[in-house]
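First comes the structure, then the notes that go with it.
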Amino acid sequence: MINLAVQLAGAANFQRVHKDKDEVQVVLTLPEEPSKLCEVLPEQGPYCAKLGATESVFIRIAREARFRLVIVTPFIDRMGAEWIVSMFRLTEGKTVERILILRDYHSAKAALAGIAGELDRLQVRMFDYYIRHEGRRLPFETFHAKFVLGDDTQAYIGSANMLASSLEVALEVGVRLKGRSVLDIKRLVDAMLEVAVHIVRGRTNLTR
């Protein structure tokens with residue numbers, strides 16, 4: 001009986017402290033109202049209550065970042081730029097490295113113009129992952145992925161661009177990951193930073 005009591009106590013403790021290797025949450029931006037999808041989605045049952053909102057998940061990742069916040073976006077407009085800077089502001093008061101990886105800096109310059117001063121004040125490091133290649137089917141190498149990385153413990157991966165349409169109009173779907181799998185995203189970000197061009201306001205640093 002003593003052995004059984006010890007085993008039961010151990011099982012109870014395991015249930016209390018054990019967590020799965022990864023935590024995954026489905027994240028949505030719902031279409032602008034009126035929406036046919038929004039009319040029928042509640043019919044799917046209680047599962048809907050578990051869905052997260054894209055904006056709230058981005059805010060959570062930014063607030064909980066302790067040493068690095070990375071935003072990776074191929075497309076950006078003025079509203080998306082404001083969204084980006086608001087996320088970086090949430091890290092103020094902490095020793096957090098702030099990084100923005102863009103698809104084509106020259107195409108994004110107009111959208112970034114309104115927040116350039118804030119990016120400088122927050123010491124955001126910008127990188128351009130748009131590399132020209134000769135002799136290949138597409139004469140450039142770039143990305144279409146969208147994600148937000150907080151430290152090496154939490155990340156968003158999904159369809160949301162930093163665009164007004166992704167904030168308010170279109171259906172966007174992604175996941176928030178927390179756990180060991182985020183290390184794979186961290187390694188990918190580190191590799192992207194190795195090959196991307198570091199952008200310094202007023203000039204491009206071509207040293208990699």
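Quick look at the numbers
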read-out	value
Matching residues, the stretch 103-124, being of a type in the set (A, V, I, L, M) and under 16 Å from Leu69 (Cα atoms)	Leu119, Leu122, Val124
Selection from the stretch 148-193 of residues that are assigned to a helix (DSSP H, G or I), charged (D, E, K, R) and in contact (Cβ under 8 Å) with a residue 12 or more places away in the chain	Glu168, Lys186
Meets criteria (loosely packed, with under 13 Cβ neighbours inside 10 Å, closer than 20 Å to Val182 by Cα and not aromatic (Phe, Trp, Tyr)) for His133	no
Arg125 being surrounded by fewer than 13 Cβ atoms within 10 Å (Cβ to Cβ) and among the charged types (D, E, K, R)	no
Any pair with Cβ under 8 angstrom, 6 or more apart, that starts in the stretch 115-129 at a residue that is without any contact (Cβ under 8 Å) to a residue 40 or more places away in the chain and ends at one that is surrounded by fewer than 13 Cβ atoms within 10 Å (Cβ to Cβ) and part of a loop (DSSP other than H, G, I, E, B)	Leu122/Glu92
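No value in this document is a laboratory result; all are computed from the given coordinates. These figures come from a predicted structure and were not determined experimentally. So basically every Cβ, Gly included, is an ideal-geometry build from the backbone, and we count neighbours across all protein chains shown.
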